[in-house]
Amino acid sequence: MSRIKRQLRYNIFPEEDVFVARCLEVEVASDGHTEAAAVANLREALAVYFDEPASSFSLALEQDVHRGD
């Protein structure tokens, strides 16, 4: 039986010397020294939060806060 892939939105912003990626649907966030690392760490944190493999959901960038200037 095929499961429907969960779609989650996130935003990313700089904070001090790291980037923070924050999920908008649940209270989960992670950071990394690059944007890509922050998103990868967020994906891993969400997999732990939902107790599901990371392949069971997709991430969509909602708002790129630091590029809005």
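The values are calculated or read from the model by the stated rules, or taken from the named source; none is laboratory data. Note that the structure is a prediction, hence the values are computed from the model and not measured. Note: ideal-geometry Cβ built from the backbone for every residue, glycine included; neighbour counts use all protein chains shown.
In summary, strands (runs of 3 or more DSSP E) completely within the chain and bearing 1 or more residues that are hydroxyl-bearing (Ser, Thr, Tyr), modelled with pLDDT of 95 or more and exposed (fewer than 14 other Cβ atoms within 10 Å of the Cβ) occur at 57-64. Scanning the stretch 1-22 for residues that are in contact (Cβ under 8 Å) with a residue 24 or more places away in the chain, within 20 Å of Ser55 (Cβ to Cβ) and hydrophobic (A, V, I, L, M, F, W, C) yields a single hit, Leu8.
Which ones in the stretch 1-31 are of a type in the set (S, T, N, Q) and within 13 Å of the chain's Cα centre (by Cα)? Give the derivation first.
First, the residues of the stretch 1-31 that are of a type in the set (S, T, N, Q): 2, 7, 11, 30.
Passing the criteria: Gln7, Asn11, Ser30.
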